[in-house]
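The values are calculated or read from the model by the stated rules, or taken from the named source; none is laboratory data. A quick note: this is a predicted structure, and the numbers were derived from the prediction, not measured. Using ideal geometry, Cβ is built from the backbone for each residue, glycine included, and neighbour counts are taken over all protein chains shown.
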Amino acid sequence: MVELSWKLLLNTLVQRHGRNPVRLLQMLREVQESKGWIAPEMIADLADWLGLPGSQVRGVADFYSFLHTGGPCRYRVLFSDNITDRMQGSEALLDYLCGRLLLEKGRVSEEGLVSVDTTSCTGLCDQGPGLLVNGWAIPGVTRERLDQIAELILGRRPVEQWPSDFFVIQDHIRRAGILLGSGLKPGEALRVASQRDPVSLLEQVKASGLRGRGGAGFATGLKWEACRNAPGDQRYVVCNADEGEPGTFKDRVLLSRYADLVFEGMTLCAYAIGAAEGFLYLRGEYRYLLEPLREVLNRRRAEGLLGRNILGRQGFDFDIEIHLGAGAYVCGEESALIESLEGKRGIPRNRPPYPVTQGYLQRPTTVNNVETFCAAALITHKGGDWYRSIGTPKSAGTKLLSISGDCAKPGIYEYPFGTSIRQILADCGAEDAQAVQVSGPSGRCIDATEFGRRIAFEDLPTAGSFMIFGQERDMFEVARNFVEFFAHESCGFCTPCRVGTSMLKGAMEKIAAGHGTACDLGEIEALDRVLNQAAHCGLGSAACNSTLDTLKKFRPTYERRLKSLEFEPAFDLDGALARARRMTGRDDAGAHLETEA
């Protein structure tokens, strides 16, 4: 009966997804959500029904951290392990819940009831510590809340029946500007665009000076133009909503409160480049936004803002589908995201060719960030020259910042480009900051001497993360957390990143354990050179950024941990032979390795 149940589930899934191998990740995700794991026989059947090698299906299932092939588990609890969550006590809270459940971290209880472990940033930095239970986010965790969660788990109460107040997530919009305060109604920008031809719309976006808000900062209008001019008769629009950079949560707020603006921007892009199909790639940590977003899409279809002949314009056909990720930071890189959309492991592609010419299914594809599409809708409504008049000559418009850490008012702030770090710190109530990490672990760490610098592409570019560290914070531990993040999130495809991030983590652990020397600090700098020159994608290239910045600006926090200024191996060979000496009953000088005096 159980076997029939899962076979029926798989058959239903496969039929609903049209037996399309491109939909593999979505099928695996739904199996995981329904059954609590993905059994070997399920993988074999999926492979047969989709005409794929079993190794390929297994490879995809093993790649994503939210998919599990090791055995069933009814409740999977994952504490966010971002540095801001640690600053709010997440490690002690995790230990507390493990104690309440009589469970060892990272292990599934013997009866398959529950496991407790960590995951990377969950996008709840403004209201942490955060955790996920079977993919559902719970902010502001306390011991009292964990007592309730433990009782619910031990009582085997389904997560969907847990108290609704557990899952209330605040937007925390602290400062609104031209985007967050625009008040644009659904369809307003589209109606303006429908009075122009697609090329005129494209020219407005180019004139605005809009640059990608996901971190790379490429000119949006030029990207759209390249996709429009690429050979082929089928194009795609992809919204990258996989904001996995620790400390970033602005896209979460845009998707929860400004979803119409996001979809409007995607539809305008489709009009400009001639696309009929689009995808929103939603990070797995935002699973709770899936149904609300689908409701917005359905409403837009009913209002004639999506589907066939949009706003009555003959031939303007465009629709959007949501794909949900399954826990892989690397999928925030646009080519890895496209691989994931195609139901594969999220391994970044070699470039060129670029997505604008060979993207989704090897067809021209425009990939932009959530905030970028919102800005494009605003530009369409107000005009490119108006938008360009805001900000700086090289950085037009405004930027959304996800502010967290040691400040009185964490949340979302919108500023014109060119705003100083000092002004931002004053606005959010950070009175005693010693450092700010701008743009997450892959960005830059600045100290108090640099607070006069500005948020701008020509000074401090950022994808939006803005983490503040007060005077009492140990910047070595901050950097160490970031190093652990990169080592954990490396996709493993290229040797420089796979091995390099592991070696970097090992060096930081050696220093933390009190065995570090000046030689180890030099090794970190050497690793940075290797990763910068040889890593396959930006994850590896940026892995040493925070370590090098903190080493340069907060060197004493490293040096006070060093055992000596000379080389010392991390592995104690003589100590490792202690067991052999006990077994042989020898402890004389000859049984020990010779050491220099």
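What are the pairs with Cβ atoms under 6 angstrom where one residue, in the range 325-340, is hydroxyl-bearing (Ser, Thr, Tyr) and the other, located anywhere, is in a helix (DSSP H, G or I)? Sequence gap at least six, or different chains.
Close Cβ pairs (under 6 Å, with a partner that is in a helix (DSSP H, G or I)) amount to 329/489; 340/331.
Conditions tested, residue by residue: (1) modelled with pLDDT of 95 or more; (2) of a type outside the set (A, V, I, L, M); (3) not in a strand (DSSP E or B).
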{"position": "379", "(1), (2), (3)": "yes, no, yes"}
{"position": "385", "(1), (2), (3)": "yes, yes, yes"}
{"position": "401", "(1), (2), (3)": "yes, no, no"}
{"position": "404", "(1), (2), (3)": "yes, yes, no"}
{"position": "407", "(1), (2), (3)": "yes, yes, yes"}
{"position": "413", "(1), (2), (3)": "yes, yes, no"}
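Just give me the residues in the range 130-186 being more than 25 Å from the chain's Cα centre (by Cα), among the hydroxyl-bearing types (Ser, Thr, Tyr) and in the same structural domain as residue 81 (by TED's automatic domain parsing), in sequence order.
164
For (1) in the same structural domain as residue 346 (by TED's automatic domain parsing); (2) part of a loop (DSSP other than H, G, I, E, B); (3) crowded, with 21+ Cβ neighbours inside 10 Å; (4) of a type in the set (D, E, K, R), each residue gets a yes or a no:
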| residue | (1), (2), (3), (4) |
| --- | --- |
| 484 | no, no, no, yes |
| 499 | no, no, no, no |
| 505 | no, no, no, yes |
| 509 | no, no, no, yes |
| 519 | no, no, no, no |
| 539 | no, no, yes, no |
| 546 | no, no, yes, no |
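Kindly evaluate residue 115 against the criterion of being buried (at least 20 other Cβ atoms within 10 Å of the Cβ) and under 19 Å from residue 87 (Cα atoms).
Working: buried (at least 20 other Cβ atoms within 10 Å of the Cβ): yes; under 19 Å from residue 87 (Cα atoms): no.
Answer is no for this residue.
Matching residues to (1) buried (at least 19 other Cβ atoms within 10 Å of the Cβ); (2) among the hydroxyl-bearing types (Ser, Thr, Tyr):
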| position | (1), (2) |
| --- | --- |
| 429 | no, no |
| 439 | yes, yes |
| 453 | no, no |
| 461 | yes, no |
| 472 | no, no |
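Suppose the filter is under 23 Å from residue 322 (Cβ atoms) and of a type outside the set (Ser, Thr, Tyr); does residue 56 pass it?
Criteria not met by residue 56.
Which one is surrounded by the fewest Cβ atoms within 10 Å (Cβ to Cβ), of the residues in the range 357-384 that are touching a residue at least 12 places away in the same chain (Cβ under 8 Å) and at positive phi?
Among them, the one singled out is 361.
Mind counting the residues in the range 98-128 that are in contact with a strand residue (DSSP E or B) (Cβ under 8 Å, 6 or more places away or on another chain), farther than 19 Å from residue 143 by Cα and either among the aliphatic types (A, V, I, L, M) or without any contact (Cβ under 8 Å) to a residue 40 or more places away in the chain (or both)?
Here the count works out to 5.
All but one of (1) modelled with pLDDT under 90; (2) surrounded by fewer than 14 Cβ atoms within 10 Å (Cβ to Cβ) hold for residue 552; state the number of the condition that does not hold.
It is condition (1) that residue 552 fails.
Can you pull out the residues in the range 133-156 that are surrounded by fewer than 19 Cβ atoms within 10 Å (Cβ to Cβ), in a helix (DSSP H, G or I) and β-branched (Val, Ile, Thr)?
none
Residue by residue through the range 504-554, note down the ones that are touching a residue at least 40 places away in the same chain (Cβ under 8 Å) and of a type in the set (Lys, Arg).
510, 553
How many residues, within the range 191-245, are acidic (Asp, Glu) and in contact with a Ser or Thr (Cβ under 7 Å, 6 or more places away or on another chain)?
1
Could you list, in sequence order, all residues of the range 38-59 that are in a helix (DSSP H, G or I) and either outside the structural domain of residue 15 (by TED's automatic domain parsing) or of a type outside the set (A, V, I, L, M, F, W, C) (or both)?
40, 41, 45, 48, 54, 55, 56, 58, 59
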